[in-house]
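FYI, it's all coordinate maths here, none of it is from the lab. These numbers come from a predicted model, not from an experiment. All Cβ positions, glycine included, derive from the backbone under ideal geometry; neighbour counts span all protein chains shown.
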Amino acid sequence: MKEEVRRLITMASTKSCALDPIPTFLLKEVIDVLLPYLTSMVNASLREGRLPQSQKYAVVTPVLKKAGLNADELKNYRPVSNDVHVEAGGEGCAGASSRHLEVHRWIDASISVCVQTFP
């Protein structure tokens, strides 16, 4: 799992969320120091089946669906969320773990359908 967490973080874009406790570029630079802690967080989240409260937030920005639409009408907007970076990594691990469990027939495919949408 540790190498999966490393891979997800190093392959992630360097954009950061205002809620991130550390900018993504810096996280990538110190990954060797933080990896055991991040892996532990991801494992605990998977084991308990929930995210810590601090990871359940996102910054949501309204963005016009198409250029030229009337900016005064709310229906012309779509929400774009910027999640906490560690949360996104945990979702990727959840998807990978789900696929692993399905391949080895340890869980039914229908149980894990919600996590299959993650990269």
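With a point put 7 Å past each Cα toward its Cβ, work out how far ASN43 is from LEU19 in nm, to one decimal.
Each label point is offset 7 Å from its Cα along the Cβ direction, giving 2.6 nm.
If you keep only loop residues by DSSP, which GluC sites (Glu not before Pro) in segment 1-81 have at most 11 other Cβ atoms within 10 Å of their Cβ?
Sites meeting the loop and neighbour criteria: GLU73.
Compute the length gained on full extension between VAL80 and LYS66: take 0.36 nm times their separation in residues and subtract their Cα-Cα distance, giving the result in nm to one decimal.
Residue separation times 0.36 nm, minus the Cα-Cα distance, leaves 3.7 nm.
In sequence order, what are the phi-derived ³J(HN,Hα) couplings for segment 24-39 according to the Karplus relation 6.51 cos²θ - 1.76 cosθ + 1.60 with θ = phi - 60°, rounded to whole Hz, with x for glycine and proline?
Each residue's phi maps through the Karplus curve to give 4, 4, 6, 4, 5, 6, 10, 4, 5, 6, 8, 3, x, 6, 5, 5 Hz.
Which loop trypsin sites (Lys or Arg not before Pro) in segment 1-78, with loop taken from DSSP, have no more than 13 other Cβ atoms within 10 angstrom of their Cβ?
Sparse-neighbourhood loop trypsin sites (Lys or Arg not before Pro): LYS15, ARG50, LYS56, LYS65, LYS66.
Long-range amide H contacts for TYR77: which residues qualify at under 5 Å (H placed 1.01 Å from N, peptide plane, sequence gap of 5 or more or a different chain)?
Correct list: LYS65.
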